[in-house]
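Participant: Just dropping this structure here.
The values are calculated or read from the model by the stated rules, or taken from the named source; none is laboratory data. Please read all numbers here as calculations on a predicted model, not as lab measurements. So basically every Cβ, Gly included, is an ideal-geometry build from the backbone, and we count neighbours across all protein chains shown. Areas reflect the complete protein model, heavy atoms only, side chains present, ligands, DNA and RNA absent. Shrake-Rupley method; radii C 1.70, N 1.55, O 1.52, S 1.80 Å.
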Amino acid sequence: MNKIVEVLPDTTALIQRSLEVVVEKIQAAIAERGRCTIALSGGSTPKPLYEALATQDLPWGQIHVFWGDERYVPADHPDSNQGMARKAWLDRVQIPAENIHPMPTEAADPAIAAQDYESHLREVLQGQALPALDVILLGLGDDGHTASLFPHTAALQVQDRLITVGNKDGQPRLTFTAPLINAARYVVFVVAGANKQAALKEIFAPTADAMTYPARLVQPQGELWWLFDAAAGQAING
Ligand code: 6PG
């Protein structure tokens, strides 16, 4: 694993730097393999990054977009990660509809939806035993969760699936598992806000407990980027 940590002076600089890194990795993947597979994070932090990506002149036909986690709601629900990314970015660029791969949230049983998405992911990534996406974007919750891998939940222990059902306060979510995240070529955390300091301090401590701070499970084979604004990054700079 090659870990890169950058603390940017403010959130605007964080988004600008995140855009540079993500565009660089998208272009590298296309140059090396003819396409880029990227999984998006949800929540609020990445929205301006997605809006910035909508301004880029990229070969959208060679880019396939997935989600690293999703709330178990319809795409038009205000909490939908799919809905946020479509409004901020995907509806504004000429990306083929078949290149957008949202997590399904229609099935009554989220476990069925997780299995369906896993099958779809394997099909698009041409059936590797442990598929390696090119880019996975991640955020960090103030409790140390990432994707929908929440502290002390069963999802943290799943090693034999790519997609599983996460649980936030009793609400189901679909999420990448740690093995799938760790198979990626480039994992990019984008973290903003002083409320993330406590979790970051723990995650960067040598003795962090991954069950309590699940972002600690992210130890990818490839590059691991941690991009913070100063408000969050103070935790690292002491
Ligand atoms: C989600 C995310 C989640 C998010 C963190 C941080 O679906 O909410 O994927 O892991 O990245 O909760 O969220 P904020 O960026 O809103 O602080």
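Participant: Does T11 satisfy being open to solvent by 10 Å² or more (accessible area, probe 1.4 Å) and hydroxyl-bearing (S, T, Y)?
Facilitator: Working: open to solvent by 10 Å² or more (accessible area, probe 1.4 Å): yes; hydroxyl-bearing (S, T, Y): yes.
The answer is yes for T11.
Participant: Sticking with this one: Answer yes or no: is there a residue in segment 59-78 that is in contact with an Asp or Glu (Cβ under 7 Å, 6 or more places away or on another chain), over 17 Å from V135 (Cβ atoms), assigned to a helix (DSSP H, G or I) and within 12 Å of the ligand (Cβ to nearest atom).
Facilitator: Taking every residue of segment 59-78 in turn, none turns out to be in contact with an Asp or Glu (Cβ under 7 Å, 6 or more places away or on another chain), over 17 Å from V135 (Cβ atoms), assigned to a helix (DSSP H, G or I) and within 12 Å of the ligand (Cβ to nearest atom).
Participant: Report those strands (runs of 3 or more DSSP E) wholly inside segment 140-229 carrying at least 3 residues which are closer than 19 Å to D79 by Cα and within 16 Å of the ligand (Cβ to nearest atom).
Facilitator: Strands (runs of 3 or more DSSP E) meeting the threshold: 163-168, 171-176.
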